[in-house]
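Asker: Got a structure for you, questions after.
The values are calculated or read from the model by the stated rules, or taken from the named source; none is laboratory data. Here the structure is a predicted model, which is why all the values come from computation and not from measurement. Using ideal geometry, Cβ is built from the backbone for each residue, glycine included, and neighbour counts are taken over all protein chains shown. Protein only, heavy atoms only, side chains kept; ligands, DNA and RNA dropped before computing areas. Shrake-Rupley method; radii C 1.70, N 1.55, O 1.52, S 1.80 Å.
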Amino acid sequence: MSDATYLPRDSNLPTVTYQASLTVQNWRPSWLVLVLVLVCPAGSSTAHPPEKGSRSGHSHANDSADPDHGHAGDQQTTAAAPTFGEGLLLPDLDGPKPWTDKPALTDPQRFSIAIMTDRTGGHRPGIWMQAVERVNWLRPDFVVSVGDLIEGYTEDEAEIATQWSEFLGFIDKMEMKFFFVPGNHDVTNPKLHEIWRQHFGREWYSFDYRGVHFVCLNSEDPTTHIGDEQLTWLADDLAANQTARWTLLFLHKPLWVTAERDQQAGNPDSSNWNQVAKLLGDRPHTVFSGHVHHYVQYDRNGRDYYSLATTGGSSALRGVPYGEFDHIAWMTMEQDGPRVANLLLDGIQPANVVTESSIARFRKFLQTVRLEIEPILISDDAIQSGVIRIRLSNDFDQPVTIRGTIAGLPLVGLSMESQSLELSAKPGEAVAQTMRFEMKQPVQLDRFRATTMTATVASQGTDPLRAEWTLPVVIDKQYPLHQQEVEIGGDLQEWTEPWWSTPDKPELSGAIQNWTTTTDCSLELSACYSANTLNFAVRVTDERVLAGDSVTLVVDQRPALDRLTSTVLSNKTLVITVDAPLTTVGSTCAVTRKGGRDFAKASAIGRKTDQGYEFELSVPLNSIVDAQGAEWSSIQLGARVSDVDAANEDPVEVLWHASPNARDGRALAHLIRQQ
């Protein structure tokens, strides 16, 4: 599919009409136009009409490095367009001048482009079009992307067509050329690769503009990798363009980070980036990428490498210090290399808005200033009064002050002296404060689940830093986790630990219309630990046990402080899915980890029962020990029972201490280790 396919539909204006319009505009009775014509020297360049399929005078991707190239055989159908003087012509005035002595930036080799970064990965509607609108205002020579243009991650051709149609509708409104670069969302699977090639041809390519060589690579060849064929092409391409005054390289993932992590772990370079870096050598070059949804400017071998933030992709948008903002990167090419500025959709930031050193200092600030809210964990299901204990520890090199407010406490006869606090701590100091609350009557614990503290922390001194935190105020039930030796054989009679169960009206997710009563689907669960394993016993009540039924256990094994600081589950969260046994004889159940990977170190044996099914599960304890140490104190646990009652039916999920949002750990139960 040609570039012209994606130009605005009104771009193919008749040549005669455009020239006539231009002539009328430039020769209207205006003293300014008359002055320009009078001072115009001979030999000035003549304006060209637009080429077919192009909104501007030239198709930039095909222009040579010569800025004065023309079009042999162009036919003038009207009178010649007016000519204008080149350069800045100033009058010779006596005395002071109403302008500075600085040079005018009129280098004919200078040009500016816009770089748009991740739109998807949980896109926020409307942001990309805001960026398109601003790009149209700014008038770059053209626009380059760094991928993740659609959500992808599907093989449904109709859905893929819908996603591309939506995106190309946005591009249709862009008034200059747009260069596509694939991201992991765009070419997730073979079907998406195939559709990319049908629409856009090559997944990697290059072009030249005003002596600058542009290289667009595919970082998903395959996933997080530059393939051998692409490397061979790149070697030939760079060898053929050794005289370029600068090389600009665009790809989706910042593969240099992957290569460096591999090296630090003592592993080979899984990305092949080191081969790319070797090919780039000492030629002048700059690299642009996206993917991670936060901005960092890197210095690699004296060259600037950029990891851009988002243009509508998912982001907490915590601001400049975090590198989390929606932006367009604006690159102006000078004789000595590119200059980069970040155009936030509501402002402008310089290229070094976040550098490795500044973000390292900010991360140190976040890591060494700690606000801890001690959880209130009780054995009952309701609470009437309690004391919230808050501790501020400052190991940063500047004094800090925190101002916070508690919100979300149930208002049933709430009595509390103040819901706000202010704490200050010098370097190396820790301070604490208590806040007591009381209700007129006991309140169920689940009504405290939304209680949080929103706090602003700020350092004091040179280059002060500031961050905003929202921390959970945990007021919840605790469950004992005892040590017990059990044999994983499918016999649940040996379990002496307490059993926990879903309520008569459980929280549901998915196809909730398919759930009827507790006999349709409900859960009983128990847990214990031994010297080397974490063990579970599970009973599921289910009127029809079918292939597709399963139980997923979510174990948050982070240290307690990490869990209390952030309830967002990380990639290291242990997510274990056990398929329902389909026979009444005890047999091994399939156990998988997140993403459907086989969990070879886990063991599950279960059987089908008259009421549904049951199983025992054992998983290694080492991941908890690795996270917390040998003296680990607690974990958090949730369960999801996935139930289908007919083939090809969408499942309903019955939740025990789990959230419909799979990444939200706020609802997980607190299991306290008993020794």
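Asker: Please go through (1) in contact (Cβ under 8 Å) with a residue 40 or more places away in the chain; (2) touching a helix residue (DSSP H, G or I) at 6+ places or on another chain (Cβ under 8 Å); (3) buried (at least 20 other Cβ atoms within 10 Å of the Cβ) for T247 and return the number of the only condition it doesn't satisfy.
Answerer: (1)
Asker: I'd like to know if segment 113-133 contains one or more residues that are among the basic types (K, R) and touching a residue at least 60 places away in the same chain (Cβ under 8 Å).
Answerer: Scanning segment 113-133, I find at least one residue that is among the basic types (K, R) and touching a residue at least 60 places away in the same chain (Cβ under 8 Å), so the answer is yes.
Asker: While we're here: Tell me the strands (runs of 3 or more DSSP E) entirely within segment 344-454 that contain at least 3 residues that are under 35 Å from the mean Cα position of the chain (by Cα) and within 28 Å of S659 (Cβ to Cβ).
Answerer: Counting at least 3 such residues, we get 369-373, 382-394, 400-407.
Asker: Related question: Identify all residues within segment 223-244 that are surrounded by 19 or more Cβ atoms within 10 Å (Cβ to Cβ) and farther than 30 Å from Y153 by Cα; write none if there are none.
Answerer: Residues satisfying the conditions are L238, A244.
Asker: What pairs can you find where one residue is in segment 270-281 and at negative phi, the other is aromatic (F, W, Y) and at pLDDT 95 or above, and their Cβ atoms are less than 8 Å apart, with a gap of 6+ or different chains?
Answerer: That search, which allows pairs on different chains as well, returns W273/W256; A277/W256.
Asker: Would you check which residues across segment 656-674 are small (G, A, S) and open to solvent by less than 20 Å² (accessible area, probe 1.4 Å) and list them?
Answerer: Result: A658, S659, G665, A667, A669.
Asker: For segment 121-179, which positions are in contact with a Leu (Cβ under 8 Å, 6 or more places away or on another chain), part of a helix (DSSP H, G or I) and farther than 30 Å from R210 by Cβ?
Answerer: Answer for segment 121-179, where residues must be in contact with a Leu (Cβ under 8 Å, 6 or more places away or on another chain), part of a helix (DSSP H, G or I) and farther than 30 Å from R210 by Cβ: I127, I160.
Asker: Another one. Kindly establish whether Q493 is more than 30 Å from Q398 (Cα to Cα) and in contact with a Cys (Cβ under 7 Å, 6 or more places away or on another chain).
Answerer: In short, no.
Asker: Taking strands (runs of 3 or more DSSP E) that do not extend beyond segment 557-675, which have at least 1 residues that are closer than 30 Å to T452 by Cβ?
Answerer: In segment 557-675, the matching strands (runs of 3 or more DSSP E) lie at 574-579, 634-643, 652-656, 669-673.
Asker: How do the strands (runs of 3 or more DSSP E) wholly within segment 258-315 filter down when requiring 1 or more residues that are at pLDDT below 95 and among the small types (G, A, S): which remain?
Answerer: Passing ranges: none, list empty.
Asker: While we're on this one: How many of the residues making up segment 146-165 are under 23 Å from H327 (Cα atoms) and either over 16 Å from the mean Cα position of the chain (by Cα) or open to solvent by 60 Å² or more (accessible area, probe 1.4 Å) (or both)?
Answerer: Counting residues in segment 146-165 that are under 23 Å from H327 (Cα atoms) and either over 16 Å from the mean Cα position of the chain (by Cα) or open to solvent by 60 Å² or more (accessible area, probe 1.4 Å) (or both) gives 2.
Asker: Moving to a separate point now. Of the numbered conditions (1) within 30 Å of I376 (Cα to Cα); (2) more than 28 Å from the chain's Cα centre (by Cα); (3) touching a residue at least 60 places away in the same chain (Cβ under 8 Å); (4) open to solvent by 40 Å² or more (accessible area, probe 1.4 Å), R607 satisfies every one except a single condition; which is it?
Answerer: (1)
Asker: Looking at L392, L471, which is the one that is over 30 Å from A602 (Cα atoms) and modelled with pLDDT of 95 or more?
Answerer: Exactly one residue qualifies, and that residue is L392.
Asker: Being under 24 Å from R318 (Cα atoms), loosely packed, with under 15 Cβ neighbours inside 10 Å and at pLDDT below 95: is that true of T462 here?
Answerer: Against the criterion (under 24 Å from R318 (Cα atoms), loosely packed, with under 15 Cβ neighbours inside 10 Å and at pLDDT below 95), T462 qualifies.
Asker: Another question about this same structure. With in contact with a Lys or Arg (Cβ under 8 Å, 6 or more places away or on another chain), over 14 Å from S642 (Cβ atoms) and at pLDDT 90 or above as the only criterion, which of T583, T567, T552 stands out?
Answerer: T583
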